[in-house]
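A.B. asks: Dropping the structure in here first, questions after.
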Amino acid sequence: MKVSTPQEQQNGPEVAPVTGAMTEISQPPGYRAGVRSAAQNVCSSMLVLGIDPGTASTGYGIVRSAGSRLDALAQGVIETRPGVPLERRLADIHARVGELLDEHTPDTLAIEELYFGANVRTAFAVGQARGVVLLAAGQRGVPARSYTPQQVKSAVCGHGRADKGQVARMVSRLLGLATLPTPEHAADALAVAVCELNRAPLADAVAAAASRALA
């Protein structure tokens, strides 16, 4: 067991570094951004930060739509060190997501919903990470939407039973990437962002209709 020095006791515990810094996505010569079909062209211009939450690894992907085109601007994973107190790991996730929101100023944040088929411990960890991500968005007035894994798979692959490999291949195709997005958490986050871009207009129309009905 390590014994803290008087200086360490005065300054408090060491802050765990947040690894997995943002990865700018390079494109091959002659690259064309992903082009959606007319049926998928549902959002004229929008910037979305997609999040795949987790206490150990939180994936993120930033996707911009412009007409029928989809561009992946960045992707990465926010990793926290095992053994660090939970509250410090959550603080690191909150801080890094805040940096992404401040840097890219997305129109909305899209985050994966809890999957209750997972074990209880995993569900709690995902829920805690979701909480600090949503807090970062709320502090900046950025609207957030949640999607279940089945909704994300349906929006990207056309059905809710797609495996992770199918999702990664469709994300690569939709975004015009030269290779499959990695790591897995970053690929999932890009899929969540694509889901938001495909579903947001419908959600906005339903909200507007509900608002008119209450007026």
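The values are calculated or read from the model by the stated rules, or taken from the named source; none is laboratory data. What you are looking at is a predicted structure, and each value in this text was computed from that prediction instead of being measured. Heads up, the Cβs are rebuilt from the backbone with ideal geometry, glycines too, and the neighbour counts pull from every protein chain shown.
A.B. asks: Does residue 137 qualify as being surrounded by 15 or more Cβ atoms within 10 Å (Cβ to Cβ), modelled with pLDDT under 95 and not in a loop (DSSP other than H, G, I, E, B)?
C.D. replies: no
A.B. asks: Can you name the condition, by its number, that residue 77 falls short on among (1) touching a strand residue (DSSP E or B) at 6+ places or on another chain (Cβ under 9 Å); (2) over 19 Å from residue 51 (Cβ atoms); (3) at pLDDT 95 or above?
C.D. replies: (2)
A.B. asks: Does the range 105-120 hold any residues that are outside any strand (DSSP E or B) and either buried (at least 19 other Cβ atoms within 10 Å of the Cβ) or touching a residue at least 60 places away in the same chain (Cβ under 8 Å) (or both), and which are they?
C.D. replies: Result: 106, 107.
A.B. asks: Okay, next question. With part of a helix (DSSP H, G or I), surrounded by fewer than 17 Cβ atoms within 10 Å (Cβ to Cβ) and not hydroxyl-bearing (Ser, Thr, Tyr) as the only criterion, which of 123, 129 stands out?
C.D. replies: 123
A.B. asks: Evaluate the range 90-100: report whether one residue or more is within 15 Å of residue 50 (Cβ to Cβ) and outside any helix (DSSP H, G or I).
C.D. replies: no
A.B. asks: Next up: Do you know which of the residues in the range 68-104 that are among the small types (Gly, Ala, Ser) and surrounded by fewer than 17 Cβ atoms within 10 Å (Cβ to Cβ) is farthest from residue 185 (Cα to Cα)?
C.D. replies: 68
A.B. asks: Would you mention how many residues in the range 152-168 are part of a helix (DSSP H, G or I) and either surrounded by 17 or more Cβ atoms within 10 Å (Cβ to Cβ) or in contact with a Lys or Arg (Cβ under 7 Å, 6 or more places away or on another chain) (or both)?
C.D. replies: 8
A.B. asks: Among (1) in a loop (DSSP other than H, G, I, E, B); (2) modelled with pLDDT under 95; (3) out of contact with any Gly (no Cβ under 6 Å at 6 or more places or on another chain), where does residue 84 come up short?
C.D. replies: Failing condition for residue 84: (2).
A.B. asks: While we're looking at this one, here's another question. Which residues, taken from the range 56-67, are in a strand (DSSP E or B) and surrounded by fewer than 17 Cβ atoms within 10 Å (Cβ to Cβ)?
C.D. replies: Answer for the range 56-67, where residues must be in a strand (DSSP E or B) and surrounded by fewer than 17 Cβ atoms within 10 Å (Cβ to Cβ): just 66.
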